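The values are calculated or read from the model by the stated rules, or taken from the named source; none is laboratory data. Fair warning: this is a prediction, and the values are worked out from it, not measured in the lab. So basically every Cβ, Gly included, is an ideal-geometry build from the backbone, and we count neighbours across all protein chains shown.
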Amino acid sequence: MTATDRSLELITAAAQAAADKLAHDIIAYDVSDVLSITDAFLLASAPNDRQVKSIVDEIEERLNKELGAKPVRREGDREARWVLLDYVDIVVHVQHSEERVFYALERLWKDCPELELPADAKATRGKAAEHARLKAAEDAAELNAELGGELR
């Protein structure tokens, strides 16, 4: 069994919406062969809680407006560290970058086929690592400044 055309349509729209809100590391898996409850998972992440919420809101709005789809369930909204949108045909996971690393959902679904995504979504791969490197460099520079330039 493979993901339905409707599932692929939802995944594509959700991935583009996430990319438009600057999500990191967007990836989708066809889980229809291993799960009977849904066809596909979309994973995306962001470096802060506010951006997670913004991405989720954009996905929800875009899928409703363009495809008439509303989630049957939305979980994790209060903390905005890991928000799940269940559309039955697909499940969208938007995680804070720290949760994404800790839970590593990609490891669970690595044997499932990866779904084709829009170019904008593919371009987000590696953004979380790039963001972490930049943040570490900023933190090191700040520490160096606090210590009066003693670090080299």
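Residues of the range 28-44 being closer than 15 Å to T124 by Cα and either of a type in the set (G, A, S) or surrounded by fewer than 20 Cβ atoms within 10 Å (Cβ to Cβ) (or both), which ones?
Within the range 28-44, A28, A44 meet the criteria.
Given the residues K65, K70, which is the only one that is at pLDDT 90 or above, more than 21 Å from D25 (Cα to Cα) and in contact with a helix residue (DSSP H, G or I) (Cβ under 6 Å, 6 or more places away or on another chain)?
Going through K65, K70 in turn, just one is at pLDDT 90 or above, more than 21 Å from D25 (Cα to Cα) and in contact with a helix residue (DSSP H, G or I) (Cβ under 6 Å, 6 or more places away or on another chain): K70.
Anything in the range 76-94 that is touching a Leu at 6+ places or on another chain (Cβ under 9 Å) and at pLDDT 95 or above? List them, or say none.
Listed by number, the residues that qualify are L85, Y87, D89, I90, V91, V92, H93, V94.
Hey, can you tell me all the residues within the range 2-15 that are in contact with a strand residue (DSSP E or B) (Cβ under 9 Å, 6 or more places away or on another chain) and crowded, with 19+ Cβ neighbours inside 10 Å?
Passing the criteria: A3, S7, L8, L10, I11, A14, A15.
Quick check on R62: is it within 16 Å of the chain's Cα centre (by Cα) and assigned to a helix (DSSP H, G or I)?
yes
Given the condition touching a Pro at 6+ places or on another chain (Cβ under 8 Å) and either in contact (Cβ under 8 Å) with a residue 60 or more places away in the chain or not hydrophobic (A, V, I, L, M, F, W, C) (or both), answer yes or no: does some residue in the range 33-56 qualify?
no
Taking the criterion of being touching a residue at least 12 places away in the same chain (Cβ under 8 Å) and out of contact with any His (no Cβ under 9 Å at 6 or more places or on another chain), would at least one residue in the range 126-140 satisfy it?
Taking every residue of the range 126-140 in turn, at least one turns out to be touching a residue at least 12 places away in the same chain (Cβ under 8 Å) and out of contact with any His (no Cβ under 9 Å at 6 or more places or on another chain).
Every residue in the range 16-59 that is within 10 Å of the chain's Cα centre (by Cα) and hydroxyl-bearing (S, T, Y), please.
Hit for the range 16-59 is S45, nothing else.
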